[in-house]
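Since the structure comes first, as structure tokens, the remarks are kept for the end.
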Amino acid sequence: MRASRHHRLLAACLLVFALGACGKHDDPQAGTANGEAGELLPAPQGASGGVTGMPSQPGPGQVGPPSAAIVEEPVLDENGNPILPATPEDGSLPIADDGTPLVEDGTAVPGEPTPQDAVAVVRDYYAAINARSYARAHALWSDGGRASGQSPQQFADGFADTTGVSVEILPPGRVDAAAGSRYLEVPVALTASQRDGSQRKYVGAYVLRRAVVDGAGPEQRAWRIGSADLREVKP
């Protein structure tokens, strides 16, 4: 009898122990020991970018291979025709530092007047005066002699008391460009011998001019005297 009683007591203890162990596996959200509601840990969030840590979307700037080169559209006039690159304002040829006309490859233009030709005009001018060929000297002025401001007869009368002129021609200056024309200054020093045996000295320069526009004739393209600035040097 005593053995049976001990067996029943032991079975009761085991049953109580089993029930207590089952209570520990209740829902974790049921609450804490003091009856307060339990807090769940936040669920981990996935990364917003790629696995390299770089953003999954590109930011400003070019991404990927460079785009094809942009072809610049030609500039058109009001009629839809392409406008050619700019050329000299008068359509003339370029010139070298010494004023010699050049072609596209940088060589001198055959037959085009040079600064040396301008110097030759001044030399011929005084050669004609010394030869008393005043009409020829007058014609070496631009516009058929009109640039001298004198008629051929008035020009000749101006040398009535002159027996001869010696001239020293100094190196010419740089060719200057203007619309449709070229200009070149040729410095000179003169000694004019008078009929009374005296001499008069002058210094100054001649400015020679020639046309370069399309359609200009040989005479217009040649160097001719455009103006003179001579001052008498007193002894």
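The values are calculated or read from the model by the stated rules, or taken from the named source; none is laboratory data. The shown structure was predicted, so the numbers you read here are calculated from the model rather than taken from an experiment. Neighbour counts run over all protein chains shown; Cβ positions are idealised from the backbone, glycine included. Note: areas computed on protein heavy atoms with side chains; ligands, DNA, RNA excluded. Shrake-Rupley method; radii C 1.70, N 1.55, O 1.52, S 1.80 Å.
Listed by position, the strands (runs of 3 or more DSSP E) enclosed by the range 174-224 that each have at least 3 residues that are among the polar types (S, T, N, Q) are 181-194. One residue stands out among those in the range 132-173 that are in a loop (DSSP other than H, G, I, E, B) and among the aliphatic types (A, V, I, L, M): the one that is least open to solvent (accessible area, probe 1.4 Å), which is 140.
Okay, residues lined up against (1) in contact with a helix residue (DSSP H, G or I) (Cβ under 6 Å, 6 or more places away or on another chain); (2) under 22 Å from residue 234 (Cβ atoms); (3) modelled with pLDDT of 95 or more:
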{"site": "131", "(1), (2), (3)": "no, no, yes"}
{"site": "147", "(1), (2), (3)": "no, no, yes"}
{"site": "151", "(1), (2), (3)": "no, no, yes"}
{"site": "154", "(1), (2), (3)": "no, no, yes"}
{"site": "162", "(1), (2), (3)": "no, yes, yes"}
{"site": "185", "(1), (2), (3)": "no, no, yes"}
{"site": "210", "(1), (2), (3)": "yes, no, yes"}
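Among the residues of the range 111-118, is any at pLDDT below 95 and touching a Phe, Trp or Tyr at 6+ places or on another chain (Cβ under 7 Å)? Yes: the range 111-118 contains one or more residues that are at pLDDT below 95 and touching a Phe, Trp or Tyr at 6+ places or on another chain (Cβ under 7 Å). Select from the range 127-154 the residues that are among the aromatic types (Phe, Trp, Tyr) and touching a residue at least 60 places away in the same chain (Cβ under 8 Å) and list them in ascending order. Passing the criteria: only 141. Determine whether the range 223-232 contains at least one residue that is at pLDDT 95 or above and more than 23 Å from residue 117 (Cβ to Cβ). For the range 223-232, residues at pLDDT 95 or above and more than 23 Å from residue 117 (Cβ to Cβ): present. When 210, 182, 200, 221 are checked against the criterion of being touching a residue at least 12 places away in the same chain (Cβ under 8 Å) and farther than 18 Å from residue 111 by Cβ, 200 stands alone in meeting it. If you check residue 189 against the conditions, is it open to solvent by 50 Å² or more (accessible area, probe 1.4 Å), touching an Asp or Glu at 6+ places or on another chain (Cβ under 7 Å) and either among the hydroxyl-bearing types (Ser, Thr, Tyr) or under 30 Å from residue 212 (Cα atoms) (or both)? Answer is no for this residue.
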